[in-house]
Every structure is written in C-alpha cells, then in structure tokens.
1. Taking square-rooted eigenvalues a ≥ b ≥ c of the alpha carbon gyration tensor, is the stretch 214-274 rounded, prolate or oblate, where a/c under 1.5 means rounded and, failing that, a/b exceeding b/c means prolate?
2. Post the alpha-carbon centroid distance, the stretch 230-283 to the stretch 178-200, in whole angstrom.
3. For the charge dipole of the stretch 118-230, defined by +1 on Lys and Arg C-beta atoms and -1 on Asp and Glu C-beta atoms about the Cα centroid, which residue among G123, S170, A154 has the Cα displaced farthest towards the positive pole?
4. Going by amide H atoms built from the backbone, whose H comes under 5 Å of the H on Q138, apart from near neighbours?
5. Going toward the positive end of the dipole of the stretch 135-212, with +1 on Lys and Arg Cβ and -1 on Asp and Glu Cβ, which of V194, Q138, L181 do you reach last?
Amino acid sequence: MSVLGSRSRPPHRRLPPAVSPDGLWRRMSSLEGRWKLTKGRELTYTLRETDERFASRTVSLRGAITRADAHTLVFGFRQVDRTRLRTAQELSLSGRWQADARNRLTFLVERADGVEDRLTLSGGWEIGPHHELRYRAQRGAGDRAERLLRFDGAWDVTGADRIVYRLAGSTRSAFEFRAALQSPSLFAREGRLVYQVGMGLERGTSRRQRVTLFGAWKLNRDRSVSFEVPYADGRVQAIRFEGTFSSARRDRVAVALITRRHEPLGLTVTFTRDVLPDAKLFLRLRQDAEEQAVMGGVQVRF
C-alpha cells in the first residue's frame, strides 16, 4: 500500500473527513488489516492491531477508482485535516486481477501475511473499439460521475465454455469468463468470433454481455487454425486451435475446432477456396479429408 501523491485546496464546503483525526491514517501503512469495497463504492480498511486503541477500527475512504493495470488498483479520495483543508490523495494497492463466479471483475489485494483481500467491482464491463476490456467506475452511490478504466491485454479461448482476457505485463492477472458460443458454426469469411457472457450486477440483477471479436481466420501450414485479432497501436495477436478436418464439398474445408488441451470447442469453421491464398494447402487438406472419409468415414485430427 502506498500513497501516490496529494494536492490541497481551500475548503468551499464542509466535507466529512476521510479518516479519523487521531492520526490513524498516518499509521495505516504499518497496521495490519483487511480491505473491502462496499456496495456504496467506499474503500474500507478494518484494522487488526493488538493495540486496543486501534483494534477493529474501520477507516472509510470516500472516493473512486481512478486507474488500474495488471498489478495495481489506484483509489482516489479526499481527506480533510483539522484546519478544514481538503487534500486529494491516491492510494495504490498491489495485487492481481481475476473474474469471480458471476463474471465480475475482482482485484485480489496482496497482504504481508500472504492472504488476499477481494475487492469486487459490482458494475458491468464492456468491450472497447480495439477489443480492449473496459469498466466504468462511478464515484459513489447517487453520483453520476464516472471514470473509464481500460485494461490492456488480449483474448484467448481455453475451453468450450471459457474465454479469457489476459492482462498485458502479467502472468498472474487474467479474467476467465464463463461464456457460450452464439453459433456452433461459421464461415471463415465472416471474420468474427462471438460469445455471450452473463454477469451478475448490483442488487441481485444480471445482464448478458456480447463479446464480439473481429479478425481473420487462417489455416496454417502446420495444419493448425488461428484467429488473428487486432488491438490498439497496430498490435495483432492470434488465438490458436487444433482441428478435425472434413470436406463435404469440393470448394470448402470444414474444421471442428479443438482446444490446446485437445477438448472439443463446439465450433466448426468452414474455409472456402476464395479465402485461402495458399491453393496448394487447401487442396492438400481437402484431399486428406476425402481420403480419410473413403477409408471408413473417420475424420482425421491434425
């Protein structure tokens, strides 16, 4: 935990202090406690200090999440001292990101004792124009002001009902969402991959979020299949699959996709001759599939 910086302003109205006036805030960095994000979007810190003066005290910070990355969540708040001087500060918490069972974004705060405190963002997330994952953080209950958080990363598919957004710069932070394919089959020329994700929100409500990834389907020379997704700054990253090939018509090859763990994905992508620049590869794959069909109707896995 660290305070990134502060700035002071003369008070124009009376504000409730963010911390108690007994100097508790100055000691927070050295006291053991537990972090929590309340339904009202306040960040609280409940102390577990052997000193009876501080034991079980809860410090509430009224503010909002101002930014985040793969390792950090930054919370901005206001503090008022004894002279009613208002100070804006930012608190940086270290940890890692993951999705919970309701597909909500969750930050696990690292503590010195090895235990992690769970901070759950109760609002819904969305997909930006460059396939980035975004979250609109509100200042607090009843406050319409919001800040747009952008998470840099890339998408992956790990199972028949799982999609993952891996945050850039970390091997520990990733959002794995339970999801369902919108359709069990598509043509490669469509250049997209679509999932439906249900997420739990505040007050027991829920909503469905469509995750549409636009990109290019490709058949590779090693007979794997890749879906190349463009991101910001011209970056392109591929989601790779294996597949079982079949050929029902001379002008197309259908691939039933398989994950890297050799599990059926439940999605078949059909490649037509016009979308494959490598004509020799297309013919070889179609001939192999036809030969296997003649030999007993068994599809071959590559």
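Quick note: the coordinates plus some simple rules give every number you see, no bench work behind them. Model, not experiment: these values are computed from the prediction. Ideal geometry is used to build each Cβ from the backbone, glycine not excepted, and the neighbour counts take in all protein chains shown.
1. Working: a/c = 2.39, a/b = 1.43, b/c = 1.68.
It is oblate, given that a/c is not under 1.5 and a/b is not larger than b/c.
2. Between the Cα centres of the stretch 230-283 and the stretch 178-200 lies a distance of 15 Å.
3. G123
4. The list, which skips near neighbours in sequence, is R147.
5. Q138
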